1. I'd like to know if segment 2-14 contains one or more residues that are of a type in the set (S, T, N, Q), assigned to a helix (DSSP H, G or I) and at pLDDT 95 or above.
2. Does HIS24 meet the test of being over 13 Å from the mean Cα position of the chain (by Cα) and modelled with pLDDT of 95 or more?
3. Any residue in segment 38-53 that's surrounded by 10 or more Cβ atoms within 10 Å (Cβ to Cβ): show its pairings with residues that are among the charged types (D, E, K, R) and modelled with pLDDT of 95 or more at Cβ separation under 9 Å, as long as the two are six or more apart or on different chains.
4. Do any residues in segment 13-29 that are within 15 Å of LEU39 (Cα to Cα) have Cβ atoms under 6 Å from those of residues that are part of a helix (DSSP H, G or I) and among the small types (Gly, Ala, Ser), where the two are at least six apart or on different chains, and which pairs are they?
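The values are calculated or read from the model by the stated rules, or taken from the named source; none is laboratory data. What you see is a predicted model; the values in this text were computed from it and never measured. Here Cβ is always computed from backbone atoms with ideal geometry, including for glycine, and neighbour counts include all displayed protein chains.
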Amino acid sequence: MTELNTAPNIADPDGFYEELLTAHEGLSEEESMALNARLVLLLANHVGDRGVLRQALAAAKGAARG
């Protein structure tokens, strides 16, 4: 199993964040949540490794709890 990479790994992270925000422009809250869900599923499919996905879920849940 591969380990989850939490080190910075996105070229131009600010540019990506701007694109992400732009993708949500004009959407209702429900549409925005659906976009996020589709994006998560697409990226999870790209990763493909269930162990890494479990690590990501645990890390995201831990971050949400502060």
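1. Within segment 2-14, the subset of a type in the set (S, T, N, Q) is 2, 5-6, 9.
Cutting the leftovers down to assigned to a helix (DSSP H, G or I) gives us none.
The answer is no, given that none of the residues of segment 2-14 is of a type in the set (S, T, N, Q), assigned to a helix (DSSP H, G or I) and at pLDDT 95 or above.
2. On the way: over 13 Å from the mean Cα position of the chain (by Cα): yes; modelled with pLDDT of 95 or more: yes.
Criteria met by HIS24.
3. Filtered contacts from segment 38-53: GLY51/GLU3; VAL52/GLU3.
4. These pairs meet every condition: HIS24/SER32.
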